[in-house]
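Structure first, commentary second.
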């Protein structure tokens, strides 16, 4: 089968690109022909609130890639259309996560008549406000033949967007666990007294809420430290001022930068738990990244997070937007000493939520 991808992939940064790259690699292992159609330019530099958009390191596996689409330049849309038609895929999988891409994607899918067009939906409940978001997203979705979702939350949003959508056109899967070599060598777990906030720092991810929670935590457990690892979308001064105001300088380790793949293992293996204090979410690649290293997660009850983080099984859940509630869960995590219990449940779920399982279910659906 010839399967093309449209959207971010290497060298573009972020979880959407990483997801496409991992899935494409698994499809290649399953003896499918794969081509990545990705961006020549992704966002205008003027409007990109972070440092750089691309990854400098080489991918673990090189995939056939054409960098040809600039979503905000309609002149490139025609060359993309020509090149996809020339490659003649049986299936086109398009990653969708933001209305900014809707005009380009909606145009391209309308003119690909001979290819089965499938959206891989990462997000339909947008964290940032977009003018005409629902109208643009519906424009993008309507020419698709089918949809892959990663949570029940996305299925609900899709049904709300496209009334009367046939369930046969929707394949609900899951966010697979990323594959890393690290495993605990025994049931003995060393407590490091460190928590991790990982990933791009955006308002909806609630780092400010976690910092306020940490101010409560350290009054009860001053030995605990928070490690922050991720590039900031916006002004870092907001967080630096809050750390100073809460007098957390001795309990917070700052890594406000993009974390390359080669560094990820060092962050997760150096902590006890990963914290996701999100205000909103569809699903979380960070949670599955944490589980890949058998690290439990403390998260908030938002979006599809509860479908992955099971309270008392592989982590703990707190009410969103409440620093005191989050602090209580952090303190309970350390006082109740259930690390071995969490790790055993994470290992079991990891076997069920593997990339191989995801790929096999996708191929069964495509056939």
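At-a-glance table
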read-out: Filter result (over 10 Å from residue 70 (Cβ atoms) and in a strand (DSSP E or B)) within segment 29-44; value: 33, 34, 35, 36, 37, 38
read-out: Single unsatisfied condition, residue 317 versus (1) in a strand (DSSP E or B); (2) in contact (Cβ under 8 Å) with a residue 24 or more places away in the chain; value: (2)
read-out: Where residue 165 falls short, out of the listed (1) closer than 19 Å to residue 5 by Cα; (2) in contact with a helix residue (DSSP H, G or I) (Cβ under 7 Å, 6 or more places away or on another chain); value: (1)
read-out: Within segment 271-300, tally of residues that are modelled with pLDDT of 95 or more, surrounded by fewer than 22 Cβ atoms within 10 Å (Cβ to Cβ) and in a loop (DSSP other than H, G, I, E, B); value: 1
read-out: Qualifying position, being farther than 29 Å from residue 171 by Cα and surrounded by fewer than 18 Cβ atoms within 10 Å (Cβ to Cβ), among 307, 336, 313; value: 336
read-out: Selected residue (only one of 6, 69, 75, 27 is on the phi < 0 side of the Ramachandran plot and surrounded by fewer than 18 Cβ atoms within 10 Å (Cβ to Cβ)); value: 75
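The values are calculated or read from the model by the stated rules, or taken from the named source; none is laboratory data. Small disclaimer: the values here were computed from a predicted structure and weren't measured. Quick reminder, even Gly has a Cβ in these numbers, built from the backbone with ideal geometry, and neighbours come from all protein chains shown.
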